[in-house]
Each structure stands twice: as structure tokens, then as C-alpha cells.
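The values are calculated or read from the model by the stated rules, or taken from the named source; none is laboratory data. Here the structure is a predicted model, which means the values were calculated and not measured. Note: ideal-geometry Cβ built from the backbone for every residue, glycine included; neighbour counts use all protein chains shown.
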Amino acid sequence: MFANERRQHTHDDRQICSFYMRTGACRFNDACSRKHPKPTRSRTVIFPRLFIDPRFLQRGRLILHRGREGDEPSIDETKLKADFDDLFKDLFIELSTKYGEILDMVVSENLNKHLSGNVYVKFNDEKAAARCVEACKDRWYDCRPIFCALSPVSNFDEASCRAYEEGTCDREGGCNYLHIRRVDSELENKLYAAQWMKYHGEEGGGKRS
């Protein structure tokens, strides 16, 4: 016979990681000493590392090989901007058309592993976000599988680095707040205006908080 064993209940009394709650990511990942509660309901979806930033890749190569700036070819900023705007447009049209109205969408361009290239999409309601996660788990983009999940992030202003917005952040890869890469303003306005027409049937409209 097996001896009776008392069922042990464990209670995780760790504090919640504020960086994870604010940005949906943490540099320590599962090794963090604080809790990362995964939301079961949210209006925000995160697509980790969906935007491949050549500056992040270049920085990694320099660190790996202990190189110096100038050892790598310079990055074509014009091409980078065009590629980014194309990605933003593709994603916005696809997600807003198939899953629901988008309130806001941002992309981080931090030079660190846990934030670089993360795409955050905030939908008008939780059902749209849930549909997006369920459908995109089996999809690919630019020959790469898509990974996505519901995110605890609810306020992009609180998640973003104000110093970076002002051009004064000097922490580079050490900053744990979002360095948001801005899409072309004219393109952004057109995307939101077209979306407004689809869901509201009238001209006007734009990003809503």
C-alpha cells in the first residue's frame, strides 16, 4: 500500500514584475524573481520579435565578435524606413480586416533581446484580441512562423520611454521601456481613416485611446 500523502498547496507570494506588466516583456524572462502573470483576457496582443531590426542584429554581431563600430557596413536608413512602413501597413490591414478594429499599434526598436522588434496591437475589444491570437498562432510572415499572445500592456504611453521620445535616452540596450519606432504619419493617418470607414461607415476618425 502507498502511504497517504498530504496534498501540498503552494502559494506564489512573489511580487508582480512591474516591467512585465508595463511592457509585456522582461529581460530575465522566466528567471525573474517576480511573477509574470499571463493574462487570460486582454485587448492587447504582442507579437515578439516580429520586426527584424538590422541595427539590433548589427549590435549583436559587434558584441559577439568584439568588433568596433565601422567594422560592419552602414545601415541604409532609407531602406529601413521603407521596410518598416511596409511591415506596419501589412500587419495593420491584415489584422484590422480579419479580426477587429485596432485602437493603437506600436513597434519597439530597443537594442535588447526582450523588447527588440516587438509589435503590440491594441484592439477595440477582448474578443477581437482573442480571435487574433487563436488565428495567428498557425500563420507565417516573411517566411517566419508568427508567435503571439495576449499581453498585460494596456497603456502604451506608460510603457514607452519618455527620454527616448525626447531624444535623450542614453541607456541603449539597458533601457526596459519601449523605444517606439514611428511609422510615416501620412501612412498611419490613411490606415486609420480606412479602418474607420470599414467599421463606422463614415469619413473621419482615427486612433482612439
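Note on region 138-158: residues that are among the β-branched types (Val, Ile, Thr) and farther than 21 Å from HIS179 by Cβ amount to 1. For region 139-154, the set of residues classified as within 15 Å of ALA25 (Cβ to Cβ) and assigned to a loop (DSSP other than H, G, I, E, B) consists of PHE147, CYS148, PRO152, VAL153, SER154, listed by residue number.
When region 179-209 is filtered for residues that are outside any helix (DSSP H, G or I) and at pLDDT 95 or above, the ones remaining, listed by number, are HIS179, ILE180, ARG181, ARG182, VAL183, ASP184.
Of the residues making up region 100-126, those that are within 22 Å of PHE28 (Cβ to Cβ) and either touching a Ser or Thr at 6+ places or on another chain (Cβ under 9 Å) or of a type in the set (Asp, Glu) (or both) are SER108, GLU109, ASN110, HIS114, LEU115, SER116, GLY117, ASN118, VAL119, TYR120. Selection within region 29-49: residues that are modelled with pLDDT of 95 or more and of a type in the set (A, V, I, L, M, F, W, C). The member of this set that is surrounded by the most Cβ atoms within 10 Å (Cβ to Cβ) is VAL45.
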